[in-house]
Structures are given as structure tokens and as C-alpha cells.
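Structure first, commentary second.
The values are calculated or read from the model by the stated rules, or taken from the named source; none is laboratory data. From a predicted model like this one, the values you see are computed outputs, not experimental measurements. Backbone-built Cβ (ideal geometry, glycine too); neighbour counts: all protein chains shown.
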Amino acid sequence: MVELAKLDRGDDADTVKLSELFYGRHFRVVYIGSTLFALQQLSGINAVFYFSSSVFKSAGVPSDVANAFIGVANLSGSIIAMLLMDKLGRKMLLLWSFFGMAISMLIQVAAANTFVSGSASLYLSVGGMLMFVLTFALGAGPVPSLLLPEIFPSRIRAKAMAICMSVHWVINFFVGLLFLRLLEQLGPQLLYSMFASICMMAVVFVKKNVIETKGKSLQEIEVALLPQE
């Protein structure tokens with residue numbers, strides 16, 4: 001907090017133009033932040049949140065109980081993430097979170113397979129959905145919102161966060177708008193396979209582009225990410 005206060009009192013006021021964030025030395029951090037939020041939403045998490053009740057209903061679970069299960073899984077993952085954030089680090093949580101989400105979606109694909117019996121399919125579907133929400137809450141959900149203010153220099157932080165959050169909500173809107181239509185046209189196996197593939201793409205992206213910020217000062221992070229002028 002003292003470090004941030006010193007920066008705010010200095011010459012690092014947010015005077016950067018919006019256009020400067022799309023080229024030059026700040027492009028990389030804005031690209032990382034925007035892509036993280038894009039991958040977070042394209043993983044299918046909000047499709048799961050919005051339409052989980054219908055999946056549970058097919059398993060004979062009332063919608064209020066289904067919402068409670070989803071809420072408990074989300075809360076449990078968030079609490080675990082809070083406890084592990086400064087022990088394992090942001091990058092580690094992101095990697096294992098996206099990987100766990102990919103596995104969860106593959107379970108959903110297995111549940112949609114016609115060779116799986118009815119009761120097994122329902123258990124796999126419900127279990128895969130709860131595992132997906134839990135693993136999302138372990139890293140892919142909370143970490144980007146924490147990581148981005150750490151990697152953005154104070155001079156660009158406000159505008160860069162605005163861009164990233166815009167990407168977040170625009171993709172959120174289109175996922176919610178198109179999910180049921182895609183589910184009808186593509187079928188659950190193909191759609192969930194696409195979500196699993198995006199989660200694995202996120203694992204590769206995080207491994208190659210995201211740096212660990214745990215225990216590092218803002219200056220150290222800036223030196224690691226931005227080319228020096």
C-alpha cells in the first residue's frame with residue numbers, strides 16, 4: 001500500500017492514451033490480460049452457471065437444490081484458492097485450474113456418449129459439472145482479477161483494466177446468448193470438446209506468457225514484462 005501511494009503521488013499518473021495500449025511497450029501486458037479473460041469466458045463457465053439447472057433437472061434434482069450445489073462448489077473453490085494463492089502462486093493455480101476444467105469437460109463428453117448407460121451418464125454429467133465449477137473457482141475465476149492489477153504499471157492500470165473487463169463482459173454476453181443454440185446444432189459432445197480444447201489452450205497460454213507475481217514488487221514485475229525504454 002505504501003508503494004502504491006508513492007507511485008500515485010509521483011509522476012506516474014494515468015496520462016496514457018487509450019490507443020497507446022494497443023501498440024508499443026504496453027501491448028504485451030494488455031494482450032495477456034485480455035486473453036486471460038477471453039479464455040476464462042470461452043471455457044464455458046458461464047454456460048454452466050446459466051444452464052446448470054436444466055442438467056440437474058434431467059437428473060431428477062430440483063433447481064433450487066442444483067443451484068445450492070453449484071454455489072457450494074463455487075464457494076469451496078474460492079476459499080481454497082484464497083488459502084493457496086500466496087503459497088502456490090498465481091501461475092500454478094491458473095495452470096491446474098484450467099487443466100482441471102479441461103478434465104471436467106471431458107467427463108461431460110463421456111456423459112453425453114451414447115455408449116454410457118443412463119444412470120452413469122447422469123452421475124458423470126452432474127459430477128463433471130460440479131468439478132468444473134470447483135476447479136474454475138480454484139484459479140481461473142479469481143486469479144485474473146488479482147493478477148492483472150499486479151502486472152499493469154500504475155500509469156496504464158485504469159484504462160488497461162477497463163479494456164480487459166470489456167473483453168470479459170462482451171464474451172460473457174455472447175456465450176450466454178449462443179450456448180443453447182450451439183448445443184442444439186453441434187450436440188453436447190462436440191461443444192463440450194470445444195470447451196475442453198479451449199481450457200487446454202489456456203494451459204499452454206498461461207505456461208508461455210504469464211509470469212509468477214508471488215512475492216515480487218511492482219517494479220520487478222514491470223521489468224520482467226515490459227521492454228525497457
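General remarks:
- Residues in the stretch 48-100 that are over 27 Å from S193 (Cβ atoms) and of a type in the set (A, V, I, L, M): V65, A68, V72, L75, I79, I80, M82, L83, L84, M85, L88.
- Hey, V126 assigned to a helix (DSSP H, G or I), modelled with pLDDT under 90 and not hydroxyl-bearing (S, T, Y) or not: yes
- Single residue of L134, L148, L191 found to be part of a helix (DSSP H, G or I), more than 15 Å from the chain's Cα centre (by Cα) and either surrounded by 15 or more Cβ atoms within 10 Å (Cβ to Cβ) or small (G, A, S) (or both): L191
- When E220 is tested against the conditions (1) loosely packed, with under 15 Cβ neighbours inside 10 Å; (2) at pLDDT 90 or above, the lone failure is (2).
- Here I80, I70, I32, I103 are screened, and the one residue that is assigned to a helix (DSSP H, G or I), modelled with pLDDT of 80 or more and in contact with a Phe, Trp or Tyr (Cβ under 8 Å, 6 or more places away or on another chain) is I70.
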